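Data first, discussion second: the structure below is written as structure tokens.
What follows draws every value from the coordinates through simple rules; no lab data is involved. Owing to the predicted nature of the structure, the values given are computational and were not obtained by experimental measurement. Cβ: placed from backbone, ideal geometry, glycine included. Neighbour counts: every protein chain shown.
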Amino acid sequence: MKRYRGFLGVLLLAALMSLDCASQARLKPPRVASDLPLDYPLSAQLKRIEGEVVLTVFVNPQGKAEQVNLSNSSGYDVLDEAAMSFVKKLDFNPGTLDDKPVSAWTRLVLRYRLTEQAFEQNRWLADVHNLQKEIAQASDSLARETVLKRLYTTYMGCVNYVEHNDDTVINSLIRNVIDKESEKQWSLFWSNYAAPFVLFDDFLNRYPESAITFQARQDLIRMLMDMETKIRMDALRSRRISRMANSYIELIEKRLAALQQGMLPIGE
């Protein structure tokens, strides 16, 4: 079974030269000097959007992008806009003519590709713990948000796995990475339902100031509503579940109400 664990962003560089042939022989095009990882929008990753964006960039002698033009669209505004914003953050080694820095155009190709890997439970657990540590140790808000995105996509990998392997065994992993309060609040589910939605409830409670909060809230609401529907259907087929259905549904609806009132933890 496959799941996506992030992205592969590729940036290719080619020169655009508009000088005559003699000048071209003496011209060295601008080159990217920054080592920033390509910014793959979280919303695009979660929707599994991939694409290639081609940009032309006018770089001044100081190595800054003065103008960025979209040459070929990926077909998705979210990727096109992310690519243009990303390039504006880059530093360049400026183009040179006879070894002297000059303003020059260059062409960039940014490729947004998701990577697919088998869901390995032990690896997933180690990844989550490492990411949680990185978040706690992040030196600034930008670095923290970058790692939060990685954690979020790793959590989504668990959701993808459960969609094809609806087994409560996964709950042992989930319980290992959430806080004790979240574990206690959702204890009713551990024996009877795979509950990856708890990861996102825990995410909201741990990182309420994150830029991903809105996305987490929307995904959690959707997952809770899907779970409630599943329980209602199971109650029609199973006497055991029907006896517990009201307790499950009451817990879910309590959390949904809290989300609508400001994303309060379920216990408040």
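Counting only helical runs of four or more DSSP H residues, what would the 222 nm mean residue ellipticity of the chain come to if each run contributes -39,500 (n - 2.57) and the total is spread over all its residues?
Numbers: 10 runs with 136 residues, N = 268.
Mean residue ellipticity at 222 nm (helix-derived): -16500 deg cm²/dmol.
If every alpha-carbon in the chain counts as one equal scatterer, what log10 I(q)/I(0) does Debye give at q = 0.07, 0.09, 0.12, 0.15 1/Å?
Reported log10 I(q)/I(0), two decimals: -0.36, -0.54, -0.81, -1.08.
Using a cut-off of 20 Å between alpha-carbon atoms, which aspartates and glutamates can reach K88, once sequence neighbours fewer than 8 places away in the same chain are excluded?
Counting by Cα, and skipping residues close in sequence, K88 has these aspartates and glutamates nearby: D35, D39, E52, E66, D77, D80, E145.
Kirkwood hydrodynamic radius for the range 31-139: how many Å is it when counted over pairs of different Cα atoms?
Values: mean 1/r = 0.0618 Å⁻¹.
Here the Kirkwood hydrodynamic radius works out to 16.2 Å.
Find how much the distance from D35 to E134 grows on full extension, using 0.36 nm per residue of separation minus their present alpha carbon separation; answer in nm with one decimal.
Values: separation 99, 0.36 × 99 = 35.64 nm, distance 1.97 nm.
Additional length available on full extension: 33.7 nm.
If you place +1 on the Cβ of every Lys and Arg, -1 on the Cβ of every Asp and Glu, and leave all else neutral, what size is the dipole of the chain about its Cα centre, to the nearest 20 Debye?
On the way: 34 positive and 34 negative charges, 95 e Å.
Rounded to the nearest 20 debye, it is 460 debye.
Listed highest first by mean packing, meaning other Cβ atoms within 10 Å per residue, what order do 231-237, 26-32 come in? Don't skip to the end; give the middle numbers.
On the way: 231-237: 14.0, 26-32: 18.1.
In descending order of packing, they fall as 26-32, 231-237.
What does the extension gain come out to for I221 and S141, with contour length at 0.36 nm per residue minus their alpha carbon separation?
26.2 nm
Out of all Cα-Cα pairs in the range 92-157, roughly what percent, to the nearest whole number, are more than 17 Å apart? Don't jump to the answer; show the numbers that get you there.
Values: 1328 of 2145 pairs.
Summing the P(r) tail past 17 Å for the range 92-157 gives 62 percent.
With Rg and the Kirkwood Rh both taken from Cα atoms, where does Rg over Rh land for the range 219-268?
Values: Rg = 11.8 Å, Rh = 11.3 Å.
Taking Rg over the Kirkwood Rh, I get 1.04.
Exceeding 23 Å between C-alpha atoms, which entries from my cross-link table qualify? They are K180/K254; K47/K180; K184/K254; K133/K180. Can you show the working numbers first?
Values: K180/K254 19 Å; K47/K180 31 Å; K184/K254 15 Å; K133/K180 17 Å.
The pairs that break the limit, which is 23 Å between Cα atoms, are K47/K180.
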